[in-house]
Amino acid sequence: MDPGLFQLQIHTSTDLVQIILCLSLSKQVIADMGYLKEFKESIDQPERFWKRQAKKIHWFSSPESILSHDENDFYRWFKGGTMNTCHLALDIHVENGRGNQLALIYDSPVTDTQKTFTYRELLDKTSRFAGALKDLGVEKGDRVVIYMPMVPEAVIAMLASARLGAIHSVVFGGFASNELAIRIDDAKPKVIVSATCGIEFSTIIPYKPLLDNAIETAHHKPDHTVILDRPEAGCEMVAGRDHDWKELMETAEPIKYVELEATDPLYILYTSGTTGKPKGIVRDNGGHAVALNYSMEAIYNVNPGDVYWAASDVGWVVGHSYIVYAPLIRGCTTILYEGKPVRTPDPGAFWRVMSEHDVNCFFTAPTAFRAVKKEDPEAKFKAKYDLSSLKSVFLAGERLDPPTYDWLASILHCPVIDHWWQTETGWAICSNMLGRELKQIRIGSATVSVPGFDVRILDEAGNESKPGETGNIVVKLPMPPGCLPTLWNDDERYRNSYTSEFPGHYLTGDGGYKDKDGYVFVMGRTDDVINVAGHRLSTGEMEELIGAHQAVAECAVVGIADDLKGEVPAGFVVLKDGFDISVEKLEPELIQSIRSNIGAIANFRQAAIVQRLPKTRSGKILRKTIRTLANEGDAALPSTIDDPAIINEIRSVMKSRNIGNAFK
């Protein structure tokens, strides 16, 4: 090649700037070519692509087929392969001479406690608790419900279940007894693992009374419970049913992992459904491990020995995927944080943890940083800490609003990456792939489809939308490994929820669009599930609870924009004829009903009494119109609205009650 091609004449600073821009653009083009090649192979030749990724984890026996169909005609990955997820997360690292590396750091500002566990130590505790579960009669295929705060024993219980081949179902500790009872009846656990209490800021939340009430309410009764006795609260134990964690561990013998089929279930994780009945998302073992290992490499650019911190809860999918399984499978050090972004003790909490533990990659929800920004807008607390180890910050769980992105980008000297995924997928659908080279960031977009996810935008007729046109976000089947193969004991609901509306595609339930370069912009839910601080909650369930009040004739609950939480629910109530009750009396009663049955996590704090609700002529409540009115102060009148005058009536009530950003 002619060396003259590389000779540059730089005459001015402007020339230099242009050269830098050209080199940067060339680098981006090369990166795009690498990404496009990988993405194209994953879509056109998925079996070849995922066979190569599967070789990066340890199998007891290799898969007989990479992609197949089961008896229900659902796609399954790595049929015939045998492995064990706990073995991949713990044993393999000890066997490979890395047993003394830190596996887990427990940092609890609410108890002023820190503990560390090497891979060898975590393996010992996990294999012993697996032995304790086995002594209680737990076998492969049995279910174990875990209702615990953010303590190491929660992680140990998850891994121990996986070691046995039992199917764990973690229930977020903030859920009320009724929600726990529903999950007990659906999962039918042999054992429930819990603790005496959880801690929110400085408030002690007794868990055992909630558990006892849930078991009493549920039709299914577990054979045993295991209770972690925390010093902050004691509890009454039921003889013959309840067992003390510490006592069981003192007598338990460590046991070996069970060889499992790749298609055997690893866990059930319940997510809000539009009917109010939660959906049991099933995750398999093999596809899950392959996908998470790939994601750590390709998306997060994290390697063995790196320190990875996902500031979430083990009760949510982020906690499953990126506190427990992905970092440990990858051979990283993971952090379990029992605290909040603020008030534990101050808005410097996140920066302290990053600095003390040399965090390389951090992952949380935008709402967490909105809380930090609200209390420390100039990031003065950040200045107290050395964040030189931090290489990247990832955000997901809700839309990353531009002000939060701008604030983070201005105070951090590392990439700030928005990515989008769901409980159902278990890992990112769209992301800027740090392990494959950063693409240009476009605020409001989760960037492009991750290899394996063939994201399309379809109109109501099932036709592909043009760039810039909003439609239904779907993924062309097959979904990649790691995604739900079905719902727990409810194949028909799986079909109705995800694959029936647009045959051959998975319906995400989100609306949005792609731009001309394939960047995906997720605009929000198309059903009645709202996103409160990264937690998906059903407004339908809230409406059922409000509608049960003796004074309520009908109601609508909508998610309205909130600067801190992303979305919060607000209720609009029509009273029954003959009932004379003030909103000042009704509102706290409705709030209490939501708190008792769903939990404080719902953040239901506003209700209003209205004369009527806006509806279509067919009687469908126009919830989107109510939401738009609250957020923007006005809303386009749908052509199907029964009476346009209702809009002014609702607006007047919102204004008098200060509901919605438009009326504050």
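Some observations on this one:
- Accessible surface calculations at 1.4 Å, restricted to protein heavy atoms, place the chain at 41 Å² per residue.
- Placing unit charges on the Cβ atoms of the charged side chains and taking the dipole of the chain about its Cα centre, the candidate lying farthest along the positive direction among Ala262, Gly512, Ala289 is Gly512.
- When the alpha-carbon atoms of segment 85-157 are used, the pair Rg, Dmax equals 13.6, 38 angstrom.
- The residues packed around Glu259, meaning those with a beta-carbon under 13 Å from its beta-carbon, carry a net charge of 0 if Lys and Arg are +1 and Asp and Glu are -1.
- Three-way shape label, segment 50-204, alpha-carbon gyration tensor, a/c 1.5: oblate
- Summarising the strand pairing of the chain, around 60 percent of its internal DSSP beta bridges are antiparallel.
- Cα gyration tensor, the chain - rounded (a/c under 1.5), prolate or oblate: rounded
- Using a probe radius of 1.4 angstrom, the carbon and sulfur fraction of the accessible surface of the chain is 50%.
- Cα centroids of segment 372-433 and segment 288-364: 13 Å apart.
- About the Cα centre, charge dipole magnitude for segment 283-401 (Lys/Arg +1, Asp/Glu -1 at Cβ), debye: 240 debye
- Charge context of Ser108, other residues only, Cβ under 10 angstrom, K/R +1, D/E -1: -2
- Structure-based [θ]222 nm, the chain - -39500 (n - 2.57) summed over DSSP H runs of at least 4, per residue, nearest 500: -9000 deg cm²/dmol
- Hull volume per residue, based on the alpha-carbon atoms of segment 222-339 and their convex hull, is 196 Å³.
- ³J(HN,Hα) computed for each position of segment 338-344 - Karplus, 6.51 cos²θ - 1.76 cosθ + 1.60, integer Hz, glycine/proline x: 9, x, 10, x, 9, 6, 10
- When the square roots of the Cα gyration tensor eigenvalues are ordered a ≥ b ≥ c, the ratio a/c for segment 429-510 is 1.5 or more and a/b does not exceed b/c, which makes its shape oblate.
The values are calculated or read from the model by the stated rules, or taken from the named source; none is laboratory data. Note that the structure is a prediction, hence the values are computed from the model and not measured. All Cβ positions, glycine included, derive from the backbone under ideal geometry; neighbour counts span all protein chains shown. Keep in mind that these areas ignore ligands, DNA and RNA; they rest on the heavy atoms of the full protein, side chains included. Shrake-Rupley method; radii C 1.70, N 1.55, O 1.52, S 1.80 Å.
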